[in-house]
Amino acid sequence: MNFDKMKYGQKYFPDVDVRDLYRCVSCGNCRSVCPVFEVGGWESTNTRGRILIARNLYEGAEFEEEIFDSINTCTTCGICAKTCPAGANPPALVEGIRKGLVDMGKMTETQKRISETVDEFGNTLKSEEKRNSWLTSDIQVPKKADVVYFVGCLDSYRYKETALKTYKILNKLGVGLLEDETCCGSPLLRIGFSAEKQTDHNRKQFIRSGTKTVVVGCAGCYNTLKSNFPELEILSVSDFLSKNIEKLKSAGLKKLDITVSFHDPCHYGRDNSIFESPRKIILEICTLKEMKNTKEKSKCCGGGGGVRTGYNDLSIEIAKRRWEDLPKGVNALVTTCPLCVRNMRDSNSNPEIQVLDIIDLIESALE
Amino acid sequence: MGKMDKIFNELEQIVGNRVRMNASDLCCYSADASQIRGMPDFVLFPISVEEVSEIMKIANKYNINVTARGAGTGLAGGAVPVKGGIVLDMTKMDKILKIDIENLLVVVEPGVVQVDLNEALKPYGFFFPPDPGSFATCTVGGQIANNASGMRCVKYGTVKNYVLNLEVIMADGTLMNTGSECQKTSSGYDLSRLFVGSEGTLGIITKATLKIMPIPECRKLVMVSFPSSEIAGKSVSTVFSAGVMPSACEILDKTSVDVLLKLDPNVILPKDGDVIIFEVDGSKEAVDSAADKLKETLTPFASSILVTDDPDEMKKIWAARSLVGAAVSKLDPTKTRIYVGEDLGVPIKKLPEMIKKVYEVTDKEGLLPMIYGHIGDGTIHVGQFIDVLDQNDWDKLNRAADALHLAAIEIGGTVSSEHGIGAARGKYLKTQCGNSFNAMKSIKNALDPKGILNPGKLGFD
């Protein structure tokens, strides 16, 4: 242990918890769970390898470009943290290292592009459209509401139909919208940037709307809002709707003669223990057959941590492995996060099995 | 072009893009779960015996060191390239080549993960018994190279009892087989056993023929707590003397029990002292009878006795037990388990003496030890945990480890019961082995005259 060398890290990687960095005992238990390692095979694509690299950087080792292919390929899915016998929290370490590198100006072109895009457009999709362009004129949005729906970038721009379906249901339950929502900042935070601008903007919006509760349709947004706005109640769409299940039933929620499986998004499930609410809703509608690895042991779709954008082939390959967990005899794979929806759809080789957002399932049951 | 670039190019011709020499990839292979560190010059993944042979020819030509590596879960630095050179990551040679139930054997490549082998054998009703705590990750090749064992070895024996044949690439690239598919042989030196536990210092294992066993019909756990771990230690001899042969016999001192309960508060364990988990297996009648006999024998010593045959419960207990080594941070986040002086072995009757010594040594340094392990075969794992940011703690830890190793030797034990010597315990081997160390050295020199196979291990240069 070279304590002198650690001074470098204390100065340049202030977000890294030094005790956590040296808590890892390199036992290699993470080899059996890391979804990136399962595809990559090199230790540099495994949690243990990333921590060894992180220690080297922390102790002032010379930077080389190859480091990105290790540090930036972590999806921050957190399965290693849940299974680490030493109790280390590798996703936080990875994010701390990414932040230190970015602050030193060391980043990939992809990281730079994402940062610039979010900064300029307020979303990750480089869209100049109005954020609520999915909203139809027949819907009356309450001017003030205790509960607002935070749509997120992906549903605002890529899956507008999901945003509309979600809000049509939420609107009937008295939920409002922010006047001028912007990106929650999660894509920036995951890859090493600050998101103060986005957080401040949304804070003003929450204050203006007078909201106390925020209903979120994306696992990444949920995690970020939950951590940045402890004064607010943050609920996932499935949490909110499962609390209102009787009202949905009164609105005509009916049984469907199908069997589905459920993919737990990492940031909802492992990070925030949201396991039961989506299952409660699904079981009200149809039959549920669990995936092979489920709940806390659920495997990542490969989309998170900037991996989908930065390492698309790897990301899709991870999603393909996740498909191997699907049980036989199901009609659809349901999930609750648009990034998971996207990655699972892009990697789906079976056209007979649909990938649905849980809201698609609810809407079908309400028709 | 420099020598290293030239070697890289030649290696690349053999394995294509499965070789790397950039600093970040190399540093990922500079460690295992021990405190030993060493940076390789190249890391590569062979996928066939032919590739391994060609690689060894290059290594032999350039006098470059070669360290074979499985999952890198070792606790003595066995797979750490302390003198640089090539790290051969064998994990892509991971095929189960043959399951031959009629002949009671499997043929596997070295990179097969232990748990995958047993999953493959399960439908046939068979298993490969050696079961180290790292079973979900460790490779069969690594197990053989370390003569690994685990919780059930008290009844089933260690890896050495299961190796029928090894296909090995020697230091000069030639291939040899150490045995055959026969269940036994009486034909000259037992070279299979020579290679078991040789930690990659004699050759590179590229294929293994292993004996397998039928999965027992039933299992039952008898968990017994004792007023002290020394009394727990004494109870083991009593059990064997009574004619009971448990399939596992694991000690968990009070600190280890606290750690396990912190990991999973719902795990059923006696909470009132130092615990030994006895497992018995076999037919239902045999299991019931052995469990009754255990209870009867241990009642005079025990504080409490719990019995379970619920499969889920037993699975939970063993899963928690397999992680106890590193889990101490969950008890106190400022402390980290460091693996030094952790793998002592003594004759069964001397267990109480060794346990007493562990407490004496750690007390002297002001360290709180965690004692656990396969006490049924004389193994005592000592968990020592420190604040890794405190140099004083490191000094205490290293002094304690040294004293524990010497104490084990002094009472006729071993510095490593199952984790291996590697670079971490090399300096004790000569003291422990006496003149047989010189015989080992002669064997090493005969099979690896240039000393390129995993140098710096087993106390060799």
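The values are calculated or read from the model by the stated rules, or taken from the named source; none is laboratory data. Quick caveat, the model's predicted, so the values are computed rather than measured. Here the Cβ positions follow ideal geometry from the backbone for every residue, glycine too, while neighbour counts run over all protein chains shown. Surface areas here come from the heavy atoms of the whole protein model, side chains and all, with no ligands, DNA or RNA. Shrake-Rupley method; radii C 1.70, N 1.55, O 1.52, S 1.80 Å.
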To the nearest 10 degrees, the tilt of helix B:436-447 (Cα long axis) against the first principal axis of the alpha carbons of chain B is 30
Measuring from its Cα centre, segment B:108-224 shows a charge dipole (+1 at each Lys and Arg Cβ, -1 at each Asp and Glu Cβ) which, in debye to the nearest 20, is 520
One finds the C-alpha centres of segment B:53-96 and segment B:163-213 to be spaced, in Å, by 17
Filtered hits (lysines, Cα-Cα < 16 Å from A:K7, offset >= 8 within chain) -> none
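For segment A:207-310, run through the GluC sites (Glu not before Pro) and keep only the ones in DSSP coil with at most 16 other Cβ atoms within 10 Å of their Cβ.
Qualifying residues, ordered by number: A:E231, A:E290.
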Output for segment A:267-367: trypsin sites (Lys or Arg not before Pro) sitting in coil per DSSP, at most 16 other Cβ within 10 Å, listed by number, reads A:K289, A:K292, A:K328
Within 10 Å of the Cβ of an average residue in B:86-92, the count of other chain Cβ atoms is 1
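Calculate the mean, over all residues of peptide A:66-72, of how many other protein chain Cβ atoms lie within 10 angstrom of the residue's Cβ.
Details: counts 6, 5, 1, 3, 4, 1, 0.
So the per-residue partner count for this stretch is 3.
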At q = 0.17 Å⁻¹, the log10 of I(q)/I(0) for segment A:3-103 from a Debye sum over equal Cα scatterers comes to -0.67
If amide H atoms are modeled at 1.01 Å from N in the peptide plane, then the residues at a separation of 5 or more from B:R152, or on another chain, having amide H under 5 Å from its own are B:D131
Across the alpha-carbon set of segment A:147-242, Rg over Rh with Rh taken as the Kirkwood radius works out to 0.93
Taking B:153-166, B:383-396 and ranking on average Cβ neighbours within 10 Å, highest first, one gets B:153-166, B:383-396
Any aspartates and glutamates whose Cα falls less than 18 Å from that of A:K172, other than same-chain ones fewer than 8 residues away, would be A:D138, A:D146, A:E161, A:D239, A:E246, A:D360, A:E363, A:E367
Result for interface chain B to chain A, accessible surface buried in total, 1.4 Å probe, Å² to 100, stands at 2900
Whole-percent carbon and sulfur contribution to the accessible surface of segment B:110-177 (1.4 Å, no ligands, DNA or RNA) stands at 53
For the protein assembly as shown, the per residue accessible area (1.4 Å probe, Å²) is 39
Expressed as a whole number, the average count of other chain Cβ atoms within 10 Å around the Cβ atoms of A:15-28 is 6
The correct pair for segment B:3-91, radius of gyration to one decimal and Dmax as a whole number, both in Å and from Cα atoms, is 12.1, 34
At the level of C-alpha centres, the distance separating segment B:384-461 and segment A:298-367, in angstrom, is 50
If N is the residue count of segment A:245-366, its Cα Rg over 2.2 N^0.38 Å rounds to 1.04
Ordering B:327-336, A:93-102, B:285-294, B:236-245 by per-residue average of other C-beta atoms within 10 angstrom, highest first, gives A:93-102, B:327-336, B:285-294, B:236-245
So, with points 7 Å from each Cα along the Cβ direction, the B:I305-B:C218 label distance in nm works out to 1.6
Over its alpha-carbon atoms, chain A yields an Rg and a Dmax in Å of 20.6, 67
Cα-Cα longer than 28 Å, checked against B:K155/B:K330; A:K5/B:K57; A:K197/A:K280; A:K112/A:K226, kept in input order, equals B:K155/B:K330; A:K5/B:K57; A:K197/A:K280
In degrees rounded to 10, the 0-90 angle between helix B:49-62 Cα long axis and the longest Cα principal axis of chain B is 70
Of the listed links B:K122/B:K316; B:K160/B:K350; B:K220/B:K316; A:K130/A:K320, those spanning more than 22 angstrom between alpha carbons are B:K160/B:K350; A:K130/A:K320
Total charge of the residues flanking B:K441 in space, meaning their Cβ is under 10 Å from its Cβ, with Lys and Arg +1 and Asp and Glu -1, is +1
Over chain A, the sum of -39500 (n - 2.57) across DSSP H runs of at least four, divided by residue number and rounded to 500 deg cm²/dmol, gives at 222 nm -13000 deg cm²/dmol
Distribution output for the protein assembly as shown: share of Cα-Cα pairs per 10 Å bin in percent, first bin at 0, values 2, 12, 20, 23, 19, 13, 7, 2, 0, 0
Taking only C-alpha positions in chain B, Rg and Dmax in angstrom work out to 22.2, 75
Share (percent) of C-alpha pair distances in segment B:217-420 greater than 31 Å works out to 16
About its Cα centre, segment B:4-43 carries a charge dipole, from +1 on Lys and Arg Cβ atoms and -1 on Asp and Glu Cβ atoms, whose size in debye to the nearest 20 is 80
Note on segment A:245-366: contact order normalised by length, alpha-carbon pairs under 8 Å, 6 or more apart, percent, works out to 31
The helix A:109-121 Cα axis meets the longest alpha-carbon principal axis of chain A at an angle in degrees, between 0 and 90 and rounded to 10, of 40
The relative contact order of segment B:217-420, taking Cα pairs under 8 Å that sit 6 or more residues apart, comes to a percentage of 26
Excluding residues fewer than 8 positions from B:K3 in its own chain, the aspartates and glutamates with Cα under 12 Å of it are B:D41
Expected max-MSF residue from A:T336, A:T110, A:T136 in the GNM of chain A (alpha carbon, under 10 Å) is A:T136
The extension gain from A:M104 to A:K297, computed as 0.36 nm times the residue separation minus the Cα-Cα distance, is 65.9 nm
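Calculate the translational D of segment B:92-161 in whole µm² s⁻¹ from Stokes-Einstein, where the hydrodynamic radius comes from the Kirkwood formula applied to all Cα pairs, the temperature is 25 °C and the viscosity 0.890 mPa s.
Once the numbers are plugged in, D ends up at 203 µm²/s.
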Once phi for every residue in segment B:262-276 is put through the Karplus expression 6.51 cos²θ - 1.76 cosθ + 1.60 (θ = phi - 60°), the whole-Hz ³J(HN,Hα) values, with Gly and Pro written as x, are 5, 4, 8, x, 8, 5, 7, 8, x, 10, 10, x, 7, 10, 10
Net charge (Lys, Arg +1; Asp, Glu -1) of residues whose beta-carbon lies under 13 Å from that of B:N60, B:N60 excluded, is -1
By the mean-Cβ-within-10 Å protection proxy, highest first, B:134-141, B:255-262 rank as B:134-141, B:255-262
Along principal axes, largest first, the alpha-carbon spread of segment A:124-199 in whole Å comes out as 39, 25, 17
In Å, the Kirkwood estimate of hydrodynamic radius for segment B:351-461 over Cα pairs equals 15.5
Per the helix-only model, chain B has a calculated mean residue ellipticity at 222 nm (DSSP H runs of ≥4, -39500 (n - 2.57) each, divided over all residues, rounded to the nearest 500) of -10500 deg cm²/dmol
Quick shape summary for segment B:92-214, equivalent ellipsoid via Cα gyration tensor, semi-axes whole Å in descending order, reads 21, 16, 14
The size of the Cβ-based charge dipole (Lys, Arg +1; Asp, Glu -1) of the protein assembly as shown about the Cα centre, to the nearest 20 debye, is 360
Note: segment A:226-301, point scatterers on Cα, Debye, no solvent; log10 I/I(0) at q = 0.23, 0.27 Å⁻¹ equals -1.09, -1.25
